[in-house]
Amino acid sequence: MSVEVDFVDGEAALIDWLLDGALAARTTIDATVGNNLPGNWTVSSKPHLMVAHDGTPGAVWPIEEHQTIRVTAFARYQPNARALARAAHRACLAYPGKVDHLIGVAPAGKDPTTGAELASGTVRFVAPASQIA
């Protein structure tokens, strides 16, 4: 017998978690959060935290899926980008589910389109399965 399952969307779950206060509890940096950089974003805008599903390198089928979630901070200055990304990384690791450290936060250079300073890190989100009726 085959069972059809779906997995929790780790990207959406962590974005909601960060917006619901987990990020604000760990930093005083006022930032926007989403899975894309807003189209009108410039270095004069509030810093932005992009949370994106970066692949699913493994699973324990049909129980759970291991999703790599990347947090990338966009800011005018590198110290702000690094501080925002580190706060987001800590917040993701405090998510009330199974989230593991993959790669710590490091400066990631400069965005060629916006001129923003970048800092990025990743976590592994263990997404539980739910059976589809």
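Values for this structure:
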{"read-out": "Histogram of C-alpha separations across segment 1-40, 5 Å bin width, %", "value": "6, 18, 21, 17, 14, 7, 6, 5, 4, 2, 1"}
{"read-out": "Share of alpha-carbon pairs per 10 Å distance bin for segment 64-133, given as whole %", "value": "22, 41, 23, 11, 3"}
{"read-out": "Only Lys, Arg (+1) and Asp, Glu (-1) charged, at Cβ; the chain dipole about Cα centre in debye", "value": "700 debye"}
{"read-out": "Vicinal HN-Hα couplings computed from phi for segment 123-131 (Karplus, 6.51 cos²θ - 1.76 cosθ + 1.60; Hz; Gly/Pro x)", "value": "10, 9, 9, 8, 8, x, 8, 9, 6"}
{"read-out": "14 Å beta-carbon shell around Arg76, net charge (K/R +1, D/E -1)", "value": "0"}
{"read-out": "Alpha carbon centroid spacing (whole Å) that separates segment 67-90 from segment 119-133", "value": "19 Å"}
{"read-out": "Cα coordinate range in segment 1-86, projected on the principal axes (Å, largest first)", "value": "56, 26, 19"}
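Bear in mind these aren't lab numbers, they're just calculated from the coordinates by the rules spelled out. Just so we're clear, the structure is a prediction, and the values are computed from it rather than from any experiment. Cβ: placed from backbone, ideal geometry, glycine included. Neighbour counts: every protein chain shown.
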